[in-house]
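Colleague: Below is a structure I'd like to ask you about.
The values are calculated or read from the model by the stated rules, or taken from the named source; none is laboratory data. Please read these numbers as outputs of a predicted model, since none were measured by experiment. For neighbour counting, all protein chains shown are included, and Cβ atoms are generated from backbone atoms with ideal geometry for every residue, glycine included.
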Amino acid sequence: MFPRIPMLSYDVVVVGGGPAGMAAAIRAKELGLNVLLLDENDYLGGILPQCIHPGFGLHYYKEELTGPEFASRLAKRLVELGVEYRTAARVLEIRNYSDLEKVVIFTSPSGAYQAWAKAVIYAAGARERHAFEIGIVGDRVSGIYTAGEAQTLMDIYGIMPGKEIVIVGSGDVGLIMARRFALEGAKVKAVVELMPYPGGLARNVMILRDFDIPLYLGHKVVEVRGKGRVERVKVVRVDENLNEIPGSEFWIEADTLIISAGLVPSVKKLKALGVEIDSATGGPVVNDRLETSVPGIFVAGNSLLINDLVDYVAEQGELAVEGAKEFIENGGIESRKWVKVEKGENVRLIVPHYLSGDRDVYLYLRVARPMEDVELRIPEIGKRMKLPVVKPAEMLRIKLKAGEIRKAEKLTVEVVKA
Amino acid sequence: MKTKVAIIGAGISGASIARVLSRYENLEVHLIEKAPDVGWGVSKANTALIHGGYDDDPEKYPTRARLCIRGNRLWHQWAKELEIPHVWNGALIVATKEEDFDELERLLERGRKNGVPEMRIVDRDELFHLEPNLTREAIGALWVPIVGQIGPIPAVIAITENAVANGVKTHLETEVTGIKVENGEVKGVETKDGSIEADIVINAAGLYADRIARMAGIDYFEIHPRKGEYWIFDDDVPGPKRVLFPTPTPISKGIVVTTEISGHLMIGPNAQDLPPEEKEDLATTREGLEQVWEGAKKLWPQLPPRSKVIRTFAGLRPEPTGGDFIIKAEEEVWGFINVAGIRSPGLTSAPAIAYEVAEIIERDLGIELKEKEKWNPYRKEISHFFMMTPEQVNEAVKKNPAYGKIVCRCNSVSEGDILEAIERMKFIGVKTPSVDSVKFRTKATTGTCQGSFCRPKIVQLLAKEYGVEPWKVTLKGKGSEIGIGDVKVLLRGDA
Ligand SMILES: Cc1cc2nc3c(=O)[nH]c(=O)nc-3n(C[C@H](O)[C@H](O)[C@H](O)COP(=O)(O)OP(=O)(O)OC[C@H]3O[C@@H](n4cnc5c(N)ncnc54)[C@H](O)[C@@H]3O)c2cc1C
Ligand SMILES: Cc1cc2nc3c(=O)[nH]c(=O)nc-3n(C[C@H](O)[C@H](O)[C@H](O)COP(=O)(O)OP(=O)(O)OC[C@H]3O[C@@H](n4cnc5c(N)ncnc54)[C@H](O)[C@@H]3O)c2cc1C
């Protein structure tokens, strides 16, 4: 295609060197595939090296590790196995010439290359929502960062962003950043949460009590003012329908505003390939091999759906590569019939979207609103699971047996009062 | 002996004047700007249109009417000479009611008087052929093919680079605090860092042109700010091919829907008059933004969901008493030239304004201008990774591996692009490292993620090239530092 740029050739090219991509590349090598892993950063690990808190790996390594520890274990294994990888290598474009002919065009300090592959694993992670996207108006000043950017500044580059902090969003990331700032001696003046309940895990919500940080539930930050730097932020209360309550506005003085308002799967390159996207996950529609609607293009990790646990991310990477192997060997992922998975009562998103019934699968799902004493049901196969509490913040992962799946034409997953 | 010229303000007006005057051997030109970089005043936030020159009434606003069309024609040349990003995509002024055609006829007539070529009224069929996704309510339009769009700050940067290459001296972060006048003649300017002697002082201070004029004792006009707000959407949202205007009302040209030159759908501006003292109020407001949204929807019904917004911003138009541009040598103070009240279409008119000033210097100040034997009209655009083919990337990395390394992932900006930007910042005298200076030269941080991935990396590059601690790197000049110290600074109690 590009006669004058160097051409490389592989069975599988993995895009993204975070936990999903590394796990995929390791598994690929273990399965005897010729694999190349590409990441644009100068180091492997994706966002893990900036997550210096513990809470990683309980399922995958049966130990609690920090992000850098989790990443370095994967990286070590990768090196031991002799997996070919390149850092500072940014994938610019993926082309799909035919089922077994994909081209991944990437650039690096040694120039641009075209890597031909029979299958591609896309594990490019996610991006964070920013202040403009969540409708904050006012002055454009220094001191407004996404949580991940602040984390990068502090934990990769050793820069302290500010001293009086307001955090938007009480998900795990926001809460962990609240603690991070407090531990470095900053005053966290508020965590502001739109919903009437905190977004993070209970153990992370405890952070607020430990550090005496006020939590404003059912509130939102609407405006920032300042000259060169943030000086104050305007907060307003919302009602049950998330509409602002007039007259409830107040200002908090702060020099830093951290936006931790959720992640969005990075899928622009997949969209450009014509991959079908699920508007609920923001990631692609996939089958139980994590193959997208474009044959031979697989996806894993936060590009598939936003995960809270790195363990599931790594698991998805492995699964995707097992699919790629089958794809390469059989010239496609075949199934006698695809069983469609549908969202029922109180299910906001669910992945995968199509199941073959040829193998056992994990379903990953999130509820739309918190509930207690509920059952997860799949009426078509009479499946019922009791759950004491469900929260949108906690992704549920349930296993279905191949035999169960085969019984149905479609599966509707619902979470209802027991 | 050379005549010393001090130009106050490095916006599109001041920079253009500097470029034109750099052509003359007997002038020594100083360009003075209070901001850390050029183009950060009014020229920073606007609709970026090279207007067609049909809507300014030559009876009421003769200067605007004359300079807009001349400016439009000159931009065709300047954009090529200086390699300024631009597109000539034309504009449609859309009618949705039968009465609108009366106004369109008036504009057509006025355009002809002003010398605008190739305008015509198109019917519904042709209109939808030109712009298929326009509101179904549209019944016809005025088609003005000569309208274009440019990158306004890239334009100021390009012009300044060329001016400096031709000998202009810049004084950035230098705020003018007084004008020296003796016996009715201008002698120079006072600044926070001492004075700069000059025989001619040109006041191109944008929103502050009234203040500067008053420093010279001239107070017949006032500038008040008129705010306009905008939304910009992600680059995967489809926008129109042409610039779309509603039929104007007596008060405003209306809210424009356009795909700006880097491919993002942009809507705006509204118009809100602020008191004269609020010249720094660039805050976006909910009311203003909603007004824009409603206005844009009338032309472009399928506005994207709010989750596709990547940025909102506001600009301030410098509205002068009387409404017309004030471009003249003031008689009370010999050598003092006002270039004031340069409101819309000031961006379009800037090259014409610059020639006008040169004419004023010759005609009214009686200084004969001698052209340099060698004057370089050309300037090369900075390398943009996103415009390179893979083959070109491989050529570039042979010179410097940094050209192969991506820093801004949304807009594919390489480390090489950024290092080149920093070199060019230094070339025109930028002293304080800021992310915005890099942004306006490379487009880094302006994509889908709005810099959350690349800003920390840009900060590192700026810190290294400027030899400062990374937390002292600024977003947009002093007072907007990225951090307060190293990560342990608060625990040590140093901050
Ligand atoms: C603040 C925070 C706290 C967290 N805490 C926990 C926790 O306590 N426990 C836990 O289990 N999980 C936690 N997580 C979640 C976990 O870290 C993520 O789910 C996981 O890292 C996602 O992995 P990934 O491989 O999908 O993506 P990433 O880690 O984002 O990796 C993707 C990689 O792909 C690269 N890339 C993208 N596009 C390209 C391209 N075109 N070319 C080349 N490279 C590309 C990216 O630069 C990146 O390096 C936390 C996350 C955050 C942000
Ligand atoms: C919302 C909006 C939309 C617009 N749309 C268009 C359009 O589509 N097309 C068009 O042609 N025009 C448009 N305009 C108008 C156009 O932007 C202006 O006419 C033009 O940018 C004015 O440039 P300037 O150089 O005169 O002023 P500025 O860019 O403001 O430059 C003046 C400079 O002087 C400096 N300065 C001020 N005081 C001092 C001091 N004391 N000492 C030193 N320096 C000082 C400032 O920092 C500034 O950089 C629009 C304007 C706005 C606000």
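Colleague: With respect to the numbered conditions (1) part of a loop (DSSP other than H, G, I, E, B); (2) more than 30 Å from residue B:23 (Cβ to Cβ); (3) aromatic (Phe, Trp, Tyr), which one is the sole condition not fulfilled by residue B:313?
Modeller: Against the list (1) part of a loop (DSSP other than H, G, I, E, B); (2) more than 30 Å from residue B:23 (Cβ to Cβ); (3) aromatic (Phe, Trp, Tyr), residue B:313 comes up short only on (1).
Colleague: Among B:467, B:451, B:485, B:479, which is the only one that is at the interface with chain A (Cβ under 9 Å from one of its Cβ atoms) and over 29 Å from the mean Cα position of the chain (by Cα)? Quick ask: steps written out before the conclusion?
Modeller: Values: B:467 fails: at the interface with chain A (Cβ under 9 Å from one of its Cβ atoms); B:451 fails: over 29 Å from the mean Cα position of the chain (by Cα); B:479 fails: over 29 Å from the mean Cα position of the chain (by Cα).
After ruling out the rest, the residue left standing is B:485.
Colleague: Just to be sure I understand, how many residues within segment B:455-471 are in contact (Cβ under 8 Å) with a residue 12 or more places away in the chain and either closer than 22 Å to residue B:40 by Cα or in a helix (DSSP H, G or I) (or both)?
Modeller: 11
Colleague: Please go through (1) without any contact (Cβ under 8 Å) to a residue 24 or more places away in the chain; (2) more than 9 Å from chain B (Cβ to nearest Cβ) for residue A:185 and return the number of the only condition it doesn't satisfy.
Modeller: Condition not satisfied by residue A:185: (2).
Colleague: Ok, one more. Within segment B:241-258, does at least one residue satisfy the condition of being farther than 20 Å from residue A:135 by Cα, within 14 Å of chain A (Cβ to nearest Cβ) and either more than 21 Å from the chain's Cα centre (by Cα) or surrounded by fewer than 16 Cβ atoms within 10 Å (Cβ to Cβ) (or both)?
Modeller: No, there is no match, as no residue in segment B:241-258 is farther than 20 Å from residue A:135 by Cα, within 14 Å of chain A (Cβ to nearest Cβ) and either more than 21 Å from the chain's Cα centre (by Cα) or surrounded by fewer than 16 Cβ atoms within 10 Å (Cβ to Cβ) (or both).
Colleague: On the given criteria, is residue A:49 without any contact (Cβ under 8 Å) to a residue 40 or more places away in the chain and part of a helix (DSSP H, G or I)?
Modeller: For residue A:49, the condition - without any contact (Cβ under 8 Å) to a residue 40 or more places away in the chain and part of a helix (DSSP H, G or I) - is not met.
Colleague: If residue A:140 meets every condition in (1) at the interface with chain B (Cβ under 10 Å from one of its Cβ atoms); (2) of a type in the set (Lys, Arg); (3) away from ligand 2 (no atom under 16 Å from the Cβ) apart from one, which number is that one?
Modeller: Failed condition: (3).
Colleague: Turning to a different aspect of this structure: Among residues belonging to segment A:106-125 that are at the interface with chain B (Cβ under 10 Å from one of its Cβ atoms) and aliphatic (A, V, I, L, M), point out the one that is surrounded by the most Cβ atoms within 10 Å (Cβ to Cβ).
Modeller: Filtering first and then ranking leaves A:124.
Colleague: Somewhere in segment A:132-145, is a residue of a type in the set (A, V, I, L, M, F, W, C), part of a loop (DSSP other than H, G, I, E, B), buried (at least 21 other Cβ atoms within 10 Å of the Cβ) and more than 22 Å from the chain's Cα centre (by Cα)?
Modeller: Yes, segment A:132-145 contains at least one residue that is of a type in the set (A, V, I, L, M, F, W, C), part of a loop (DSSP other than H, G, I, E, B), buried (at least 21 other Cβ atoms within 10 Å of the Cβ) and more than 22 Å from the chain's Cα centre (by Cα).
Colleague: Kindly indicate whether residue B:137 is within 14 Å of another protein chain (Cβ to nearest Cβ) and either farther than 27 Å from residue B:58 by Cβ or within 10 Å of ligand 2 (Cβ to nearest atom) (or both).
Modeller: On the way: within 14 Å of another protein chain (Cβ to nearest Cβ): no; either farther than 27 Å from residue B:58 by Cβ or within 10 Å of ligand 2 (Cβ to nearest atom) (or both): yes.
In short, no.
Colleague: Go through (1) touching an Asp or Glu at 6+ places or on another chain (Cβ under 9 Å); (2) free of Cβ contacts under 8 Å to residues at least 40 places away in the same chain one by one and return the number of the condition residue A:162 breaks.
Modeller: Going through (1) touching an Asp or Glu at 6+ places or on another chain (Cβ under 9 Å); (2) free of Cβ contacts under 8 Å to residues at least 40 places away in the same chain one by one, residue A:162 breaks only (2).
Colleague: Spot the failing condition for residue A:48; the list is (1) surrounded by fewer than 16 Cβ atoms within 10 Å (Cβ to Cβ); (2) within 11 Å of ligand 1 (Cβ to nearest atom); (3) of a type in the set (A, V, I, L, M, F, W, C), and only one is missed.
Modeller: (1)
Colleague: Can you name the number of the only condition in (1) more than 14 Å from every other protein chain (Cβ to nearest Cβ); (2) within 16 Å of ligand 2 (Cβ to nearest atom); (3) farther than 17 Å from residue B:11 by Cβ; (4) surrounded by 16 or more Cβ atoms within 10 Å (Cβ to Cβ) that residue B:322 fails?
Modeller: (4)
Colleague: Then there's this: Name every residue in segment B:32-51 that is on the phi > 0 side of the Ramachandran plot and either free of Cβ contacts under 8 Å to residues at least 40 places away in the same chain or within 6 Å of ligand 2 (Cβ to nearest atom) (or both), in order of residue number.
Modeller: Selection gives B:48 alone.
Colleague: So residue B:115 passes all but one of these: (1) surrounded by 17 or more Cβ atoms within 10 Å (Cβ to Cβ); (2) within 26 Å of the chain's Cα centre (by Cα). Which condition number does it fail?
Modeller: Only one criterion is unmet by residue B:115, namely (1).
Colleague: Still on this structure, I have one more. Of the conditions (1) under 26 Å from residue B:461 (Cβ atoms); (2) away from every other protein chain (no Cβ under 11 Å), residue A:162 fails just one. Which one is it?
Modeller: Unmet condition: (2).
Colleague: All but one of (1) under 30 Å from residue A:164 (Cβ atoms); (2) touching a residue at least 12 places away in the same chain (Cβ under 8 Å) hold for residue A:243; state the number of the condition that does not hold.
Modeller: The number of the failed condition is (2).
Colleague: Picking from A:31, A:38, which residue would you name as being buried (at least 24 other Cβ atoms within 10 Å of the Cβ) and in contact with a Lys or Arg (Cβ under 6 Å, 6 or more places away or on another chain)? Walk me through how you get there before you give the answer.
Modeller: Values: A:31 fails: buried (at least 24 other Cβ atoms within 10 Å of the Cβ).
Testing whether each residue is buried (at least 24 other Cβ atoms within 10 Å of the Cβ) and in contact with a Lys or Arg (Cβ under 6 Å, 6 or more places away or on another chain) leaves just A:38.
Colleague: Test each condition in (1) surrounded by fewer than 24 Cβ atoms within 10 Å (Cβ to Cβ); (2) facing chain B (nearest Cβ under 7 Å) for residue A:84 and report the one that comes out false.
Modeller: Residue A:84 satisfies all of (1) surrounded by fewer than 24 Cβ atoms within 10 Å (Cβ to Cβ); (2) facing chain B (nearest Cβ under 7 Å) except (2).
Colleague: Residue B:258 passes all but one of (1) in a strand (DSSP E or B); (2) within 22 Å of residue B:207 (Cβ to Cβ); which number fails?
Modeller: The failed condition is (2).
Colleague: Against the condition farther than 11 Å from residue B:37 by Cα, without any contact (Cβ under 8 Å) to a residue 24 or more places away in the chain and touching a strand residue (DSSP E or B) at 6+ places or on another chain (Cβ under 7 Å), how does residue B:452 come out, does it pass?
Modeller: Yes: the conditions hold for residue B:452.
Colleague: Output the residues belonging to segment A:75-99 that are aliphatic (A, V, I, L, M) and within 10 Å of ligand 1 (Cβ to nearest atom).
Modeller: A:88, A:89, A:91, A:92, A:94
Colleague: If you take the residues of segment B:198-230 that are more than 13 Å from ligand 2 (Cβ to nearest atom) and of a type outside the set (Ser, Thr, Tyr), which of them is surrounded by the fewest Cβ atoms within 10 Å (Cβ to Cβ)? So that I can check it myself, show each step before the final result.
Modeller: Let us first name the residues in segment B:198-230 that are more than 13 Å from ligand 2 (Cβ to nearest atom), namely B:198-200, B:217-222.
The next check asks that each one be of a type outside the set (Ser, Thr, Tyr); those that pass are B:198-200, B:217-219, B:221-222.
Working: B:198: 25, B:199: 20, B:200: 24, B:217: 13, B:218: 20, B:219: 9, B:221: 16, B:222: 17.
Filtering segment B:198-230 for residues that are more than 13 Å from ligand 2 (Cβ to nearest atom) and of a type outside the set (Ser, Thr, Tyr), the one surrounded by the fewest Cβ atoms within 10 Å (Cβ to Cβ) comes out as B:219.
Colleague: Quick check on segment A:56-81: of everything there that is touching a residue at least 60 places away in the same chain (Cβ under 8 Å) and not in a loop (DSSP other than H, G, I, E, B), which residue is surrounded by the fewest Cβ atoms within 10 Å (Cβ to Cβ)?
Modeller: A:67
Colleague: Only one of A:389, A:374 is of a type in the set (Val, Ile, Thr) and surrounded by fewer than 20 Cβ atoms within 10 Å (Cβ to Cβ); which? Outline the logic, then answer.
Modeller: Details: A:374 fails: surrounded by fewer than 20 Cβ atoms within 10 Å (Cβ to Cβ).
A:389 is the lone residue from the list that is of a type in the set (Val, Ile, Thr) and surrounded by fewer than 20 Cβ atoms within 10 Å (Cβ to Cβ).
Colleague: Out of everything in segment A:301-318 that is within 17 Å of residue A:365 (Cβ to Cβ) and crowded, with 24+ Cβ neighbours inside 10 Å, what residue ends up being farthest from ligand 1 (Cβ to nearest atom)?
Modeller: A:305
Colleague: Looking at the structure I just gave you, is residue B:315 on the phi < 0 side of the Ramachandran plot and within 14 Å of chain A (Cβ to nearest Cβ)?
Modeller: Judged against the criteria, residue B:315 is a match.
Colleague: The conditions are (1) touching a helix residue (DSSP H, G or I) at 6+ places or on another chain (Cβ under 7 Å); (2) modelled with pLDDT under 95; (3) away from ligand 2 (no atom under 16 Å from the Cβ), and residue B:95 fails exactly one of them. Which is it?
Modeller: (2)
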